[in-house]
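The values are calculated or read from the model by the stated rules, or taken from the named source; none is laboratory data. Model, not experiment: these values are computed from the prediction. Cβ placement follows ideal geometry from the backbone for every residue including glycine, while neighbour counts extend to all protein chains displayed. What goes into the accessible areas is simple: the full protein's heavy atoms, side chains included, and nothing from ligands, DNA or RNA. Shrake-Rupley method; radii C 1.70, N 1.55, O 1.52, S 1.80 Å.
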Amino acid sequence: MTQWVEVTQGRYREYIGEALDADVIGEAGVGSDGALGTADEGEFDDGWEEEPIPVRTVGVLGGQPEVVSVARGNLCPVVDMTAAFRGWVAGDHAAAARAEDLAFFVERLDLPYADLAAEWDAYVAHEAGVRARCEARRKDVLEAFDRELAGFAPADLLRAVQRDVARWLPDAVRRAHGGPGDLEPTAEDRLLAAIFGTGEPEPSVWDRARERLYFAERAAAERVYLRWNADTAQAEDHAGLRRAAAERVRRDRPAIEQRCRDVWGVALPESVFRFWEFLLALGPAARTAFDKDLGLYACGIMAVFDDPAWQPADGSDPRMHWRYYWDPPEFVTFLNGPYPGEHYGLWFDDGHTCAGVLGHSPKDNSDFGFPDGGTPLEVIRAQIESFLLDYNEDDCDGDRVPARYRVRLLRETLMRYETGDRPEQGHDYDPRRSRGDDWYRTVDPARVTTLDGAGALVTGATALDRGHQRRGEDRTLTDQIREALAADPAALHRLVTNAKDRCRTGDPAEALALGRDLHFISDDDSLPRRARISERERAAAELLAMAYQTLGRDNLADLAELDLRERKIPWATPD
């Protein structure tokens, strides 16, 4: 029985011919998906799909049918030969059109990359002409196929196509006559190169042409962006916005600093004023990038920057404005991120001086991380790089201006204030890539390990064997601490009592570390809905207040007591 098949993968993909192995179906059958050798019953050797099967198909070089060898797993039975051959002809003409289209760049492979944007313009005109010619040619040949070959038996159809192969399969002929540089490596070629370590196959002229097309398209897109950028800067008066922002910061900074000292008891870092000036300098396009595209929202202590005399409309304490349930007293929110609960804050270890910026997202029970410097604008820059790395033009929802343009403009504005010495983009910008594993294993001898990952800035002895805070989480240690705090209420009570006794004798280390831990795990996240654990909340507040007072951090002690009264899940309600 003659078995007609189509090649589904490899160098002869889309070819149609006669399988010369009489048992190609008999041994393996046809699976539920129609592929050869995937029968639903029976077991086959591991190498069965790779077994070579001889297939007689159209010969594109010698004028006669040729026999090629194809892996059994790359063959699919053909039921309707006329439809299969017609599909082959249509697909081959589409491939010929793509080749003619790409020939524009093949002819320019040896030219310098002088003006790729102009090259793209010329290509666009070339592409339009190729599309029109090839579509007309494809239409004509398919009409001819329907007139001349539609009623032929399979073997006669194969012979008819063979007699005028250049007419029916022009791209197959072109590829067969190509030189070594014209042949594109197949998936099998690349796999074998990887297996045997022979290296990536040399790129074909088509690979190189596609690369040049890519760079030309990027150059043209960059030209469009630069024009939009210049027009936007003029229309929105970006230079004027920067001048006005600088003047506003100069004018209002003393009042803002005084209010933050009075309410929070902290000295604001220079970096938060750069962040504020950056926000003030944003025009409508960049502001849309910040608010809508990145989903960021300046909040918390930043309300005072808008109005130094600001008070929550509901009369609540300003310190609770966008203060999340898990935030320790050292953490002062200044920014909400794009995901529920994601937020960032200034970190005041000693209650007065900012040690950097930390972030937290309760949705994944992550810790706050290690206070290793960092600034608000570095947080924004990281958000920008992440967005542009993942950006998909298809997600722009028909915006007249692509979100990518707005976010790039936001980055350029930001780099006027910070990170201008960091031109890297995407993954290359992420400082974690250059730190290495050793950095995460280093410890800070000034901090005792806490479950929230930030460590407690204190010296002294602890009842639990905590050690110094690592920059990266020591999961073994934190699991041990969690188990010690959650296993037995009576044992926890003894730990709390011991920590208070130590603190009364002048050693606040255990009280501060244990209080921070209990503050961080004050809710039960194992339930379908988070539930507060009042005993832990109360113990945390008492321990923290005692430790902070002993350390002279009275503003943090006051906030710990305020937390006990005002904490809410998932966060304290803003006005």
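Odds and ends about this structure:
- Residue satisfying condition, being under 21 Å from residue 208 (Cα atoms) and not charged (D, E, K, R), within set 120, 88: 120
- Filter result (open to solvent by 40 Å² or more (accessible area, probe 1.4 Å), farther than 17 Å from residue 446 by Cα and either at pLDDT 95 or above or among the charged types (D, E, K, R) (or both)) within segment 356-372: 363, 364, 367
- Residue list for segment 205-252, restricted to those being in contact with a Gly (Cβ under 6 Å, 6 or more places away or on another chain) and either modelled with pLDDT under 95 or of a type in the set (Val, Ile, Thr) (or both): 205
- Hits in segment 510-522 - residues which are closer than 16 Å to residue 464 by Cα and either open to solvent by 10 Å² or more (accessible area, probe 1.4 Å) or touching a residue at least 60 places away in the same chain (Cβ under 8 Å) (or both): 512, 513, 516, 517
- Pairs meeting the criteria (first residue in segment 224-246 and more than 24 Å from residue 274 (Cα to Cα), second residue in a helix (DSSP H, G or I), beta carbons under 6 Å, at least 6 apart or on different chains) are 225/405; 228/405.
- Residues satisfying the stated conditions in segment 386-427, i.e. in contact with an Asp or Glu (Cβ under 7 Å, 6 or more places away or on another chain), open to solvent by less than 40 Å² (accessible area, probe 1.4 Å), in contact (Cβ under 8 Å) with a residue 24 or more places away in the chain and under 24 Å from residue 224 (Cβ atoms): 403, 406, 407, 426
- Test for residue 507: is it assigned to a loop (DSSP other than H, G, I, E, B) and either touching a residue at least 40 places away in the same chain (Cβ under 8 Å) or crowded, with 22+ Cβ neighbours inside 10 Å (or both): yes
- Condition check for residue 305: at pLDDT 95 or above, surrounded by 19 or more Cβ atoms within 10 Å (Cβ to Cβ) and within 27 Å of the chain's Cα centre (by Cα): no
- Candidates 113, 123, filtered to the one that is within 37 Å of the chain's Cα centre (by Cα), outside any helix (DSSP H, G or I), modelled with pLDDT of 90 or more and under 30 Å from residue 219 (Cα atoms): 113
- Unique residue being surrounded by fewer than 18 Cβ atoms within 10 Å (Cβ to Cβ), among the polar types (S, T, N, Q) and under 16 Å from residue 331 (Cβ atoms) when the list is 353, 375: 353
- Residues that are open to solvent by 60 Å² or more (accessible area, probe 1.4 Å) and either free of Cβ contacts under 8 Å to residues at least 60 places away in the same chain or out of contact with any Asp or Glu (no Cβ under 7 Å at 6 or more places or on another chain) (or both), drawn from segment 440-481: 440, 441, 443, 445, 459, 465, 468, 470, 475, 476, 479, 480
- Of all residues in segment 510-538, those that are among the small types (Gly, Ala, Ser) and at pLDDT below 95 total 4.
- Residue satisfying condition, being open to solvent by less than 80 Å² (accessible area, probe 1.4 Å) and either of a type in the set (S, T, N, Q) or modelled with pLDDT of 90 or more (or both), within set 129, 178: 129
- Within segment 210-243, the residues that satisfy the criterion of being more than 25 Å from residue 110 (Cβ to Cβ) and surrounded by 14 or more Cβ atoms within 10 Å (Cβ to Cβ) are 225, 228, 229, 232, 233, 236, 238, 241, 242.
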